[in-house]
Amino acid sequence: MHHYSQGKVHSQAHKGIKEDCYEEEQGRDGFYGPVSHLVKKAPSPRWKNITGSLKPRMYNLNQLPQSSSSWQKLLYNAFVEIYYLRQKKSQNLKTIKGFRNANGDLIYFCHKGKGEIFTEYGLLSFYKGCYIVIPKCLVHSFIFQEDSEFFVIESLSGYFKEPERGMLGKHAVYDIQGLQKPNLSLQQQRQKELSLNIREMDVKKAGEITTFSYDSDIYDVVGWKGNLFPFILDIKNIMPVMSHRAHLPPSVHTTFLAPEFVVCSFVPRPLESDSDSLKIPFYHQNIDYDEVLFYHAGDFFSRDNLESGMMSLHPCGFPHGPHPKAFQSVKEKTKTDEYAVMVDSRHPFKTDENLSSMELKDYWKSWQG
Ligand SMILES: [Fe+2]
């Protein structure tokens with residue numbers, strides 16, 4: 001379909017929007033496909049009532065029971081599952097097992113805590129704010145040096161890939177050289193220091209756990225080569241793509257791609273400096289995707305009453321965007337100061353029943369001003 005317009009429109013998206021009007025982007029394929037901009041007299045999320053279940057949702061994951069030390073399923077469909085994992089500091093290293101996930105690839109985003117991960121490929125060190133990427137079926141064992149919490153993304157649809165950088169060049173967004181790779185010799189040294197001898201592994205397949213037992217340490221690799229291995233990406237090593245002149249779509253913040261969903265990272269960046277540019281996210285319908293946002297750290301100024309550890313779900317079917325107060329608060333700011341992880345899924349998310357008790361029931365009213 002060729003480009004077409006009616007009425008009064010601005011020539012550059014997200015810039016020079018008619019005074020007292022609001023721009024709303026309607027995009028297919030996560031803003032890569034056909035896209036249009038509507039200029040409206042009032043933002044679409046000003047709804048007074050919603051009857052039915054299709055609503056923007058907000059959950060406070062800090063309200064998960066503090067005693068729980070397990071995987072809490074949050075959202076799921078046939079292609080991706082999202083969990084919250086809370087673990088206490090490791091006390092008895094003799095009880096540590098290996099874990100092999102035969103369901104799919106895992107990304108553990110560390111929200112709190114620190115520690116080490118033993119893998120078949122070598123040692124990784126994790127800490128707050130890093131993505132730990134463990135490909136399907138690769139054995140790993142955590143040693144938690146502090147109580148730790150993770151936002152976990154499980155891909156059932158295929159392995160995670162880097163985003164295409166296109167004309168940005170190969171080293172934009174994050175440089176592969178900067179990834180933390182597993183260190184085999186350091187792991188062998190730590191095995192001796194800790195007298196670690198792990199002889200059991202749990203294998204997760206189709207939701208069931210099977211335990212395999214051995215009479216010697218399962219971490220016995222003496223060498224390896226190849227391009228399949230676990231690694232860590234520090235969210236602080238992400239170099240956000242931006243334009244000082246016009247707001248760019250969230251797709252520029254893509255960190256990992258899976259066949260049916262994407263993972264994006266929002267990190268601090270300067271705000272646009274042109275006087276006629278939009279400085280807060282534009283109202284939009286991401287028509288083909290359900291959007292999940294996990295708020296990790298910082299000042300989430302585009303939304304009211306947000307705290308670290310909350311998670312929003314904006315299913316496709318309605319537009320969303322900044323809260324009314326953001327238009328005022330942005331005037332005092334020159335940069336964003338927030339870290340958040342987004343999962344955009346092509347297929348609708350189902351909600352685990354346990355989420356209901358953590359839901360902020362009036363979130364859908366929060367655009368009413
Ligand atoms: Fe969105």
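What follows is calculated from the coordinates using simple rules that are stated; it is not laboratory data. These figures come from a predicted structure and were not determined experimentally. Reconstructed Cβ throughout: ideal geometry from the backbone, glycine too, with neighbour counts over all protein chains shown.
Quick rundown of the values:
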| quantity | calculated |
| --- | --- |
| Qualifying trypsin sites (Lys or Arg not before Pro) for the range 170-246 [loop in DSSP, other Cβ within 10 Å: at most 16] | Lys170, Arg199, Lys225, Arg245 |
| Label-to-label distance, nm, for residues given as Glu307 and Gln63 (7 Å Cα→Cβ offset) | 1.1 |
| Percent of beta bridges antiparallel (DSSP, the chain, rounded to nearest 5) | 90 |
| Helix 184-194 vs. the chain, principal-axis angle (Cα, 0 to 90°, nearest 10) | 60 |
| Cβ crowding within 10 Å averaged over residues, with 82-93, 153-164 ranked highest first | 153-164, 82-93 |
| Whole-Å semi-axes of the ellipsoid equivalent to the range 240-349 (Cα gyration tensor, √5λ, descending) | 22, 15, 14 |
| Set of the range 278-312 residues, backbone N closer than 19 Å to the point 7 Å along the Cα-Cβ line of Lys350 | 290-292 |
| Relative contact order, percent, the chain [alpha-carbon distance under 8 Å, six or more residues apart] | 22 |
| Calculated [θ] (222 nm, deg cm²/dmol) that DSSP helices of n ≥ 4 give over the chain, each run adding -39,500 (n - 2.57) | -1000 deg cm²/dmol |
| Farthest toward positive dipole pole in the range 89-166 [+1 Lys/Arg, -1 Asp/Glu at C-beta], among Phe142, Gly158, Asn101 | Phe142 |
| Magnitude of the charge dipole, the chain, Cβ model with Lys/Arg +1 and Asp/Glu -1, debye to 20 | 340 |
| Estimated vicinal HN-Hα couplings, Hz - the range 332-344 in sequence order (Karplus 6.51, -1.76, 1.60; Gly, Pro = x) | 8, 10, 10, 8, 8, 9, 9, 10, 8, 10, 10, 10, 10 |
| Label-point separation in nm, Thr95 to Tyr127, each point 7 Å along Cα→Cβ | 2.8 |
| Sequence-distant aspartates and glutamates (8 or more away, or on other chains) whose Cα lies within less than 12 Å of Lys365 | Asp304 |
| Selected from Ser36, Asn77, Trp47, residue furthest toward positive end of dipole (the range 13-85; charges at beta carbon) | Trp47 |
| The range 266-369: trypsin sites (Lys or Arg not before Pro) in DSSP coil with no more than 16 other Cβ atoms inside 10 Å | Lys325, Lys333, Lys361 |
| In order through the range 147-164: 3J(HN,Hα) via Karplus (6.51 cos²θ - 1.76 cosθ + 1.60), integer Hz, x for Gly, Pro | 4, 9, 9, 9, 9, 10, 10, 10, 8, 9, 10, x, 7, 6, 10, 6, x, 5 |
| Convex hull projection area averaged over all views, the chain, Cα basis, nm² | 20.0 |
| Highest-fluctuation residue, His244, His323, His314 considered, GNM on the chain with Cα pairs under 10 Å | His244 |
| FRET E, pair Lys192, Leu228, Förster distance 30 Å, beta-carbon r, rounded to 0.05 | 0.65 |
| Rounded Å value of the spacing that divides the Cα centres of the range 220-272 and the range 137-176 | 8 |
| Rounded if a/c under 1.5, otherwise prolate or oblate - the range 49-95, Cα gyration tensor axes | oblate |
